[in-house]
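The values are calculated or read from the model by the stated rules, or taken from the named source; none is laboratory data. Here the structure is a predicted model, which means the values were calculated and not measured. Using ideal geometry, Cβ is built from the backbone for each residue, glycine included, and neighbour counts are taken over all protein chains shown. Surface accessibility is based on the protein's heavy atoms, side chains included, excluding ligands, DNA and RNA. Shrake-Rupley method; radii C 1.70, N 1.55, O 1.52, S 1.80 Å.
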Amino acid sequence: MNTPGVLSFTQQAWEQVLAKAKRAVVYLDAACAESLHWGCGSSRLLEAVGSPACYLREFEPAAVGGGVEQPKAVFVLSSLLKGRIVETLRDIICRSHFQYCVVVTAVNHAVHLTANHVPAAAAAELEGQQPVFEQLEEKLCEWMGNMNYTAEVLHIPLLLAPVAPHLALTPAFASLFPLLPQDVHILNSARPDRRRLGSLAEVDATALTPELLLQIRCLVSGLSSLCEHLGVREECFAVGALSRIIAADLANFAPAKNRRKTATGRASVVFVDRTLDLTGAVGHHGDNLVEKILAVLPQLPGHTNDVMVNMVELTALQDEEENQNVVVPGCLAQSNDPAAKALWEALLNTKHKEAVMEVRRHLVEAASRENLPIKMSVGRVTPGQLMSYIQLFKNNLKSLGNHCGLLQLGLATVQTLKHPQTAKWDNFLAFERLLLQNIGESTMSVVLNQLLPMIKPLNQRTSDDYSPEELLVLLLYIYSVGGEFSVDKDLGEGEEKVKKALAQVFCEESELSPLLRKITGCDSSINLTFHKSKSAVDELFTLLRDIAGARNLMKQFKSVYVPGNHTHQASYKPLLKQVVEEIFNPERPDPVDIEHMSSGLTDLLKTGFSMFMKVIVLSTRLLKPLNIPELLFATDRLHPDLGF
C-alpha cells in the first residue's frame with residue numbers, strides 16, 4: 001500500500017468489502033457505488049464476486065431479491081441503519097432466499113448510538129460493544145427465516161470518492177449545504193421567543209434540527225476514520241457558520257478524542273462554508289478543460305461527479321441520436337488504467353490549451369505503441385485531428401482493449417470541444433468580465449438593468465441567447481461576487497423588472513427542465529401559471545440576497561471582488577485562495593475569520609499560525625481543483641447544480 005492518503009484510505013476500505021463479496025449478490029446505494037467507481041472500479045467488485053452472472057444491484061425498495069441459487073448477500077450502504085434503510089433491507093431479504101447476509105455501513109457504531117438517543121455517558125460505558133449492530137444481526141436472521149443462518153453488520157468507512165491523489169469528494173453528503181440567513185427564521189419557528197436567534201453567528205449545534213445534526217455526525221464519523229488512517233492528531237478550524245458546527249463536532253467527537261491520544265502525526269483541518277463564495281462555482285474564469293467537460297457533457301446517471309461519454313464512434317453504428325443508448329457510455333473515472341489516470345491528473349492540473357495537447361500526446365504515443373498507421377501533425381490541436389487518432393483504434397479490438405480508458409478521455413475531450421455549449425463559454429466569460437468592471441463603478445440596479453435585455457422567452461431565443469438555467473447562473477454570479485449592497489428604491493424596481501421577465505420566461509418554456517421543475521414545484525409547463533412562477537422567482541431572489549450577504553459576518557474575508565485601477569482591471573479573488581494565503585503568510589497576526597475549535601483546556605491555550613501543521617481544507621459545498629499543499633476535499637460535486 002502506498003503512503004497513507006485519500007486513495008489508500010478508500011482502497012483499504014473497499015478491500016474489506018471485497019473480502020466478503022465472494023459469490024454474493026451485492027447491493028450498493030448510489031454514494032457507495034460512486035466511491036467504488038473512483039476508488040477501485042466496479043471490475044474489482046465483479047472479480048471479487050467471482051460469478052459469471054451479474055450479481056451487482058442498486059439498493060432500493062424495488063430491488064430484485066436473491067433466488068434459490070443465491071444464498072449470500074452483501075449490502076453496502078453509506079447511511080445510518082435506521083428508518084427506511086432498515087425497512088428496505090427487510091423487504092429485500094424477506095422476498096429472497098438468503099442464508100448469509102452481510103450489511104456494511106459507512107457510519108460507525110457511536111453515531112448509531114446517538115441516532116438511537118443513547119446518552120453520551122451511557123454510550124461511553126458501551127465502549128468496545130456494538131448493541132445496535134448486534135440487534136440488527138438478530139433481525140436479519142429473523143427476516144431470513146432461520147435464527148441459525150449467518151448475519152454480520154460491519155462498519156467500514158466508505159466516505160470518499162478519490163478523484164485524484166489530492167482531491168476527494170464525499171458523494172453521500174451531496175445535499176449538505178451551509179446555512180443561509182433565511183434558515184435562521186426557520187430555526188426560530190421551533191424556538192421560544194426568549195431564545196430566538198439573531199443571526200447565523202448565534203447558531204450552534206443545539207439550534208439545529210435532529211436530522212441535520214445526525215447528518216453532520218455521520219460526516220464527522222467518516223472524517224475521524226480518515227484521520228485515523230492518516231495517523232494524525234487533527235486541529236479543527238472553521239470559516240463560516242455551518243463549518244464552525246462541523247469543526248466543533250469533530251474536535252469533540254468522543255471516538256476522535258481517544259484516537260488522538262495515540263496519533264503520532266499532526267494536521268490542521270480547515271472547514272469552509274461554500275456559500276461564502278459561490279462565484280467560482282458558477283463562473284467561467286477557469287481556463288481548465290475538466291471544468292468544461294463537466295459543464296457540457298450529460299451527467300452519468302446516479303453520480304454527482306462524472307459524465308457520460310458517447311462511445312458510438314468506436315463502433316460500427318452510425319452516430320445517430322437513437323444509437324446513443326445502444327452502447328454503454330464511457331466516463332472520466334479510470335481507476336484501473338494507469339495511463340488514463342496519469343492523463344486525467346494532468347487534465348485536472350493544466351490549462352485548457354496544454355490539456356488538449358496532452359490528450360494528443362497520449363493518443364499519439366498509444367497509437368505508436370500499437371503500430372497503428374498514425375499521421376503526425378503539428379500546430380493547433382483540433383477536434384477533427386484528435387478524432388482521427390481515436391478512429392485508428394476502432395477496428396483493432398486488442399488495441400481498443402489496451403487503451404479503452406485513454407480513448408474515453410479522448411472522446412470526452414472531442415465531444416466537449418465540439419459541443420455548442422463550449423462555444424458559449426467565451427460569451428459567459430465576456431459578460432462576467434464586464435460585470436466585474438461595472439460592479440465597481442455602478443449600483444446593483446444598473447447591473448440588473450444590463451441583464452434585463454438578455455432575458456428572452458423561448459420563441460425569441462437563438463442558440464447564442466441564454467436559457468433560463470443560464471440566466472440563473474448569471475444572477476448567482478452577480479449576487480455572490482457583488483456581496484453586500486445597499487437596498488434602495490432603484491434596486492427594488494430593478495429586481496422587480498428582472499423577476500417579472502424571468503417569471504414570464506419560465507411560463508413560456510415548452511418543457512420544464514429538472515431544475516425549473518424543482519424551483520417552481522410544477523412537473524409540467526402546462527400547470528405553471530404566472531402567479532406560481534412569480535412566487536418561485538420571488539423566493540429565488542430572497543435566496544440571492546442571502547447569498548450576497550453571506551460574508552456579512554466576516555471581518556477579513558468580506559469580499560472576493562478586487563477593484564480595478566489605472567494598471568489592472570477589476571478581478572475576482574476566490575475566498576479559498578484568500579484563506580490559504582492567510583494560513584501560509586507568516587507575517588500576518590492571528591487569523592480573524594479562521595476560528596479554532598477547541599477540544600479541551602489545552603487547546604484553549606494555543607494560538608497563532610504555529611497551530612497550522614499539514615493543512616487539510618474541506619468545503620461544505622464545492623471546491624474546484626487548486627494547487628495547494630496536502631489534501632483538498634469537497635463534500636459535493638465538481639460541477640454543481642445551483643443548490644436551490
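Tabulated data for the structure shown
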| item | result |
| --- | --- |
| Any chance ALA281 is modelled with pLDDT under 90 and surrounded by 23 or more Cβ atoms within 10 Å (Cβ to Cβ) | yes |
| Qualifying positions in region 557-578 - out of contact with any Pro (no Cβ under 9 Å at 6 or more places or on another chain), aliphatic (A, V, I, L, M) and touching a residue at least 60 places away in the same chain (Cβ under 8 Å) | LEU575, LEU576 |
| Some residue of region 440-457 being under 17 Å from ALA548 (Cβ atoms), hydroxyl-bearing (Ser, Thr, Tyr) and either loosely packed, with under 15 Cβ neighbours inside 10 Å or modelled with pLDDT of 90 or more (or both) | yes |
| Test: residue in region 170-183 that is assigned to a helix (DSSP H, G or I) and open to solvent by less than 30 Å² (accessible area, probe 1.4 Å) | yes |
| Count of region 516-538 residues which are in a helix (DSSP H, G or I), surrounded by fewer than 15 Cβ atoms within 10 Å (Cβ to Cβ) and under 30 Å from the mean Cα position of the chain (by Cα) | 3 |
| Candidate set from region 579-588 (those that are in contact with a helix residue (DSSP H, G or I) (Cβ under 9 Å, 6 or more places away or on another chain) and without any contact (Cβ under 8 Å) to a residue 60 or more places away in the chain); member that is least open to solvent (accessible area, probe 1.4 Å) | GLU582 |
| Per-region count, region 557-577, residues open to solvent by 30 Å² or more (accessible area, probe 1.4 Å) and out of contact with any helix residue (DSSP H, G or I) (no Cβ under 7 Å at 6 or more places or on another chain) | 9 |
| Some residue of region 144-155 being over 27 Å from GLU15 (Cβ atoms), open to solvent by 50 Å² or more (accessible area, probe 1.4 Å) and assigned to a helix (DSSP H, G or I) | no |
| Criterion violated by SER42 - all others in (1) within 29 Å of the chain's Cα centre (by Cα); (2) open to solvent by less than 20 Å² (accessible area, probe 1.4 Å) satisfied | (2) |
| Failed item, numbered, when PRO192 is tested on (1) of a type outside the set (A, V, I, L, M); (2) modelled with pLDDT of 90 or more; (3) open to solvent by less than 70 Å² (accessible area, probe 1.4 Å) | (2) |
| Counted residues, region 19-39 - those being open to solvent by 10 Å² or more (accessible area, probe 1.4 Å), hydrophobic (A, V, I, L, M, F, W, C) and farther than 17 Å from PRO171 by Cα | 1 |
| Options VAL132, VAL118, VAL68, VAL86: the member that is part of a helix (DSSP H, G or I), of a type in the set (A, V, I, L, M, F, W, C) and surrounded by fewer than 18 Cβ atoms within 10 Å (Cβ to Cβ) | VAL86 |
| Residues that are open to solvent by less than 80 Å² (accessible area, probe 1.4 Å), assigned to a helix (DSSP H, G or I) and either under 23 Å from VAL282 (Cβ atoms) or modelled with pLDDT under 90 (or both), drawn from region 505-515 | VAL505, PHE506, LEU515 |
| From ARG90, ARG84, residue being without any contact (Cβ under 8 Å) to a residue 40 or more places away in the chain, more than 27 Å from GLN334 (Cα to Cα) and basic (Lys, Arg) | ARG84 |
| Whichever residue in region 340-374 is modelled with pLDDT of 90 or more and not in a helix (DSSP H, G or I) and, among such residues, is surrounded by the fewest Cβ atoms within 10 Å (Cβ to Cβ) | LYS351 |
| When residues of region 1-39 are limited to those that are without any contact (Cβ under 8 Å) to a residue 12 or more places away in the chain and either outside any helix (DSSP H, G or I) or within 18 Å of the chain's Cα centre (by Cα) (or both), the one nearest to VAL76 (Cα to Cα) | MET1 |
| Region 47-67 - residue that is among the aliphatic types (A, V, I, L, M) and at pLDDT below 90 and, of those, farthest from LEU28 (Cα to Cα) | ALA53 |
| GLN16, sole failed condition from (1) modelled with pLDDT under 95; (2) open to solvent by 20 Å² or more (accessible area, probe 1.4 Å) | (1) |
| Among (1) open to solvent by 10 Å² or more (accessible area, probe 1.4 Å); (2) touching a residue at least 12 places away in the same chain (Cβ under 8 Å); (3) closer than 30 Å to LEU386 by Cβ, the one test that ARG244 misses | (3) |
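So that you can scan it fast, the table gives a plain yes or no per residue for (1) open to solvent by less than 20 Å² (accessible area, probe 1.4 Å); (2) of a type in the set (Gly, Ala, Ser); (3) touching a helix residue (DSSP H, G or I) at 6+ places or on another chain (Cβ under 9 Å):
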{"site": "THR422", "(1), (2), (3)": "no, no, yes"}
{"site": "ALA430", "(1), (2), (3)": "no, yes, no"}
{"site": "ASN459", "(1), (2), (3)": "no, no, no"}
{"site": "PRO468", "(1), (2), (3)": "yes, no, yes"}
{"site": "LEU475", "(1), (2), (3)": "yes, no, yes"}
{"site": "ALA501", "(1), (2), (3)": "no, yes, yes"}
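Residues checked against (1) more than 26 Å from ALA254 (Cβ to Cβ); (2) in a loop (DSSP other than H, G, I, E, B); (3) under 31 Å from the mean Cα position of the chain (by Cα); (4) among the charged types (D, E, K, R):
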| residue | (1), (2), (3), (4) |
| --- | --- |
| GLU60 | yes, yes, yes, yes |
| SER79 | no, yes, yes, no |
| LYS82 | no, yes, yes, yes |
| VAL103 | no, no, yes, no |
